[in-house]
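Each value in this text was obtained by applying a stated rule to the coordinates, not by laboratory testing. Predicted, not measured: the structure shown is a model, and the values here were computed from it. Here the Cβ positions follow ideal geometry from the backbone for every residue, glycine too, while neighbour counts run over all protein chains shown.
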Amino acid sequence: MADKEKDKKATPAAKKAAPAKATAAKTTTAKATAKPAAAKTKAPAKRAVARPLTRVVRPPEPREERRARAEERPAAPRARVEARPLPTAPAGHAPVIKADGSSDGSVELPAAMVSSTKRRGVLFQALLTALANKRQGTSATKNRARVAGGGAKPWRQKGTGRARQGSTRSPQWRHGGVVFGPNGRRYNQRMPANMRHAAFAEALAAQAANGRVLVVDELRWNGDQPRARDVIDWLARVGETGRAVLVTAETDERVGRATANLKKFDLRTPGTLRLEDVLRAQTVLVLRPALDGLAARATVGSAE
């Protein structure tokens, strides 16, 4: 009886809403059942996507196996030429070096390269002049006028209790100008030509007296482009040259490329040979055509 009274008390609007909810539930279930079918029928086409390359990382081989494998390989070491003592020649002469590095007699050196007046003071002065002329002297600092900023007074002149300041770029301030810093200078020194020639002649004569001046007959390499190892082997066949300088009549680009990375070898011409090169070198190798150029530089009173 209570249930019947509850049904009678229900409003007509509630009775209408119940069938509507039932129909909505039926439609949602129908859509849920229809979605998988639609997904199966309208599946998008698969696109070809490039996959990244994968690298297989293998564990490193043990050290013993690598050593054994290296020992099994046929080793073809390059024949190393042992250096020998430099050839000797009578006083006033220089040994002649052939293209293969062997010595073949001697040749008389020009008088300007052998007999020179010993003037150690001139030689020392010429060396200091050459070293001073190499300096650039480009170091510079900024004074308070060149430093950017600092246009206004940091505080007023009076009444603050602090010292009066006119700019934040004063030397006593951080980031301020430098008082007496360098602003570029010149180190160039002049020396008479006769003194320069005399110093150059004395340096060459000292090398010739010690038997460290060699005359090279010609340079001949296997192939169009020599390599650094070819030059090293050739110097070893010549002898224990140590730090050497080769003077050619003209600039040889082939030899220059081959010897660019050699620390103890310099390539010069009679015009580019410096006094420092002669004094620093342990052996001076001169091509036969370049002898006249060196003699002209060592002659006092000649024009460079």
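Numbers for the structure displayed
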| read-out | value |
| --- | --- |
| Electrostatic dipole magnitude of the range 84-239 [Cβ: Lys, Arg +1; Asp, Glu -1; Cα centre; debye, to 20] | 2440 |
| Coarse-grained scattering of the range 215-287 at q = 0.15, 0.19, 0.26 Å⁻¹, given as base-10 log I(q)/I(0) from a Debye sum over alpha-carbon atoms | -0.45, -0.75, -1.50 |
| All-pairs alpha carbon distance profile, the range 111-239, 10 Å steps from 0, percent | 10, 18, 15, 17, 12, 12, 9, 6, 2 |
| Simple Cβ-charge dipole of the range 143-214, Lys/Arg +1 and Asp/Glu -1, about Cα centre, in debye nearest 20 | 840 |
| Residue-by-residue Karplus 3J(HN,Hα) for the range 84-96, coefficients 6.51, -1.76, 1.60, Hz, glycine and proline x | 10, x, 5, x, 10, 8, x, 5, x, 10, 9, x, 9 |
| Student exercise, the range 234-304 dipole from Lys, Arg, Asp, Glu Cβ charges, in Debye to nearest 20 | 280 |
| Within straight-line cross-link reach of K134, aspartates and glutamates at Cα separation under 17 Å, skipping those fewer than 8 residues along the same chain | E276, D277 |
| Amide H contacts under 5 Å for E240, placed H, 5+ residues apart | R84, L86 |
| Pairs beyond 28 Å (Cα-Cα), from K98/K264; K118/K263; K98/K118 | K118/K263; K98/K118 |
